[in-house]
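Report on the structure given below.
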Amino acid sequence: MSPSLASVTVAYNAVTVLPRQIDALLRQTRPLREIVVVDNASTDGTAAMLAERYPQVTLLRMSENLGQAGGWSAGLSYAALDKRHDWIWTFDNDSVPAPEAMETLLNVVETIEDTDSATGMVAPIPFHKETETPYLPFLWRDGFVQPSAEEARQTVWFADMVIASGCLVRREVVEKIGLPRADFFIDFCDFEYCLRVRSHGYRIAVVNRVKLDHEIGNARTVRLLGSPRLWASQPPFREYYFSRNLVYLAWWLRPSRAAKRSAARFLASRGVQVLLFGDRKLACLMRMIQGFRDGLQGRMGIRLRPGDDRLQGQGDALRAGEPIKAGRA
């Protein structure tokens, strides 16, 4: 019997970018049974646009912005646990798949599936369209390790961490390991989930021939130590979560000396790049330091949201070590 397929998109103020993705989902050569959009309390008319232009889309409206992590958790809960779709295709609001993407990913699942080690997630290669720069998945070896050139050339290979956008998640995985951690809010919530998937014996397949048009901020090409790389400036609140969640991952969830060294090197490199290429250098560095401290102390939860970029914007709550309360879907 053909599996039941659904997509889940987490959207926030996406009225201008989301139609391109929804149109691409409707053109899939392997049709989706349900297209779900989790609207994270958008204020730009995203919900009204969907109701008018795409009445066939299931809209889950959050009462407040729960971030990528909270929206992803709410969407998977609905599509996998409530509606029991077999595979859930998860997206950020600005990713656009090719028409044959779903069909190709499912064909790969059927080809590689065996009884010894089930494939729990299947991912394409996200890339920056203007520069054709890929965002390669990672291996986890008590820290982040890039795949070898030989691995990256394989038609299908297996990673430990992939970004959520464009990734197929098997319902059985959600039933067995639970939902993404909403207290991450944004950044590294997908990597944490992937490591849980791997720890339960599931594989994460990467399909090189499936490319996903994916944006990460306002990316541009820069040069660091003579080598070109893609840099996306992020607002200070994002730098807070990037730093906090990575430190929490290395110090609390997967602790080892090697993991801590890897995270520290990663953040030191990030700090240098913020100084060289960032737009709001001081504010971003202050948020990174704040995130590092909170990560060491295990302070999770929603502590900042878009617009909370003033260093005293959530002063009382942050000084007291209390997270901003998140609502329920």
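See the values below:
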quantity: Cβ-Cβ FRET estimate between residue 1 and residue 177, R0 fixed at 22 Å, reported to 0.05; calculated: 0.35
quantity: For the chain, calculated [θ]222 nm from helices alone, where every DSSP H run of n ≥ 4 adds -39500 (n - 2.57); calculated: -10500 deg cm²/dmol
quantity: Kirkwood-based Rg to Rh ratio, the chain, C-alpha trace; calculated: 0.94
quantity: Heavy-atom surface of the chain, accessible at 1.4 Å and reported per residue (Å²); calculated: 45 Å²
quantity: Bridge type composition, the chain - antiparallel percent by DSSP, nearest 5; calculated: 50 percent
quantity: Nearest-20 debye value, the chain charge dipole, Cβ charges on Lys, Arg, Asp, Glu; calculated: 1100 debye
quantity: Restricting the range 103-168 to GluC sites (Glu not before Pro) in coil, as DSSP defines it, with at most 15 other Cβ within 10 Å; calculated: 113, 130, 132
quantity: Amide proton proximity set for residue 167, modelled H, under 5 Å, gap of 5+; calculated: 90
quantity: Debye-sum result for the range 89-236 in log10 I(q)/I(0), which assumes one identical scatterer on each alpha carbon, at q = 0.12, 0.15 Å⁻¹; calculated: -0.51, -0.81
quantity: Chain lengthening between residue 220 and residue 129 when straightened (0.36 nm per residue, less Cα-Cα); calculated: 31.6 nm
quantity: Extension gain, residue 43 back to residue 289 (0.36 nm per residue minus Cα-Cα distance, nm); calculated: 85.5 nm
quantity: DSSP H segments from the chain that extend 20 Å or more along their own axis, Cα-based, with Kyte-Doolittle mean of -0.5 or above; calculated: 257-277, 281-296
quantity: Rounded percent of accessible protein surface that carbon and sulfur make up, the range 1-145, 1.4 Å probe; calculated: 49 percent
quantity: 286, 1, ranked by accessible area, largest first (probe 1.4 Å); calculated: 1, 286
quantity: Label-zone membership for the range 145-164, site residue 111, 7 angstrom Cα→C-beta point, backbone N under 17 Å; calculated: 151-159
quantity: Heavy-atom accessible surface of the range 236-284: percent carbon and sulfur, 1.4 Å; calculated: 60 percent
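The values are calculated or read from the model by the stated rules, or taken from the named source; none is laboratory data. Computed from a predicted structure; not experimentally measured. So basically every Cβ, Gly included, is an ideal-geometry build from the backbone, and we count neighbours across all protein chains shown. Protein only, heavy atoms only, side chains kept; ligands, DNA and RNA dropped before computing areas. Shrake-Rupley method; radii C 1.70, N 1.55, O 1.52, S 1.80 Å.
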